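The values are calculated or read from the model by the stated rules, or taken from the named source; none is laboratory data. Values in this document were obtained by computation on a predicted structure and should not be read as measured data. Because the Cβ atoms are built from the backbone with ideal geometry, glycine has one as well, and the counts that use them run over all protein chains shown.
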Ligand SMILES: [Zn+2]
């Protein structure tokens, strides 16, 4: 399974079994500026792991546009560096930076994705309207593709975005919460998205799927999420595996390894 979004360098996963770490394939996501060197180092050391550079909206108040752009520019030659993000908007938690701060930092990372020809990984939680507005207003800077990670919105909202961004490659990644009863509307969302636009992710250590919900999410739990996606789409797990891997390679512009 190609896990399109995880944080294996998180302190909660530091004790993770070596074998699991070595076998896991996917993308280690940069979410705060301070940790980017660790994220990039991890990708370098793990054969099937790629990495991104991004600043999550939770850190929008300490974002330095200059420092971040310098980091990106200095690492362009690193072959494992596949995308900008995660970046975006999070209105779920009240203790986060202001909406204005979050939007400014989000827009700057959209600008950098365009400038340095990288696809964009978007985090959006309880911030549908502003996220859609920012993406639509900046559609000319999304030519390298955009991924809505941890998709948590309705089928209607997904289709609205796809239609508004015609000509842009918009992808959606589904994680553990598609296994939650309270999020069963996500089944419709998944069915409404073209098959060549669907990715799978763990977001480990966050969002463990049922039956591990509430625990630290481990990479191998991706199979619970894959099983639900397979049921919803009437496919086998191995069909989900090859479909989502192909899509992730296309989105992140990873050359197929043989
Ligand atoms: Zn994440």
| query | Among the listed residues 138, 231, 247, 144, which satisfies the condition of being away from the ligand (no atom under 16 Å from the Cβ), surrounded by fewer than 17 Cβ atoms within 10 Å (Cβ to Cβ) and at pLDDT 95 or above? | reply | 231
| said: Taking the condition of being surrounded by 14 or more Cβ atoms within 10 Å (Cβ to Cβ), away from the ligand (no atom under 12 Å from the Cβ), closer than 28 Å to residue 95 by Cα and at pLDDT 95 or above, how many residues in the range 1-34 meet it? | reply: 1
| task | Read through the list (1) surrounded by 17 or more Cβ atoms within 10 Å (Cβ to Cβ); (2) more than 27 Å from residue 132 (Cα to Cα); (3) touching a helix residue (DSSP H, G or I) at 6+ places or on another chain (Cβ under 6 Å), then give the number of the only condition that residue 202 fails. | result | (2)
| said: Name the single residue that is nearest to residue 106 (Cα to Cα) among those in the range 147-183 being in a loop (DSSP other than H, G, I, E, B) and within 16 Å of the ligand (Cβ to nearest atom). | reply: 149
| request: Answer with yes or no whether residue 76 is surrounded by 17 or more Cβ atoms within 10 Å (Cβ to Cβ) and either more than 16 Å from the ligand (Cβ to nearest atom) or at pLDDT 95 or above (or both). | output: no
| request: From 199, 207, 186, grab the single residue that is closer than 23 Å to residue 154 by Cβ and more than 15 Å from the ligand (Cβ to nearest atom). | output: 186
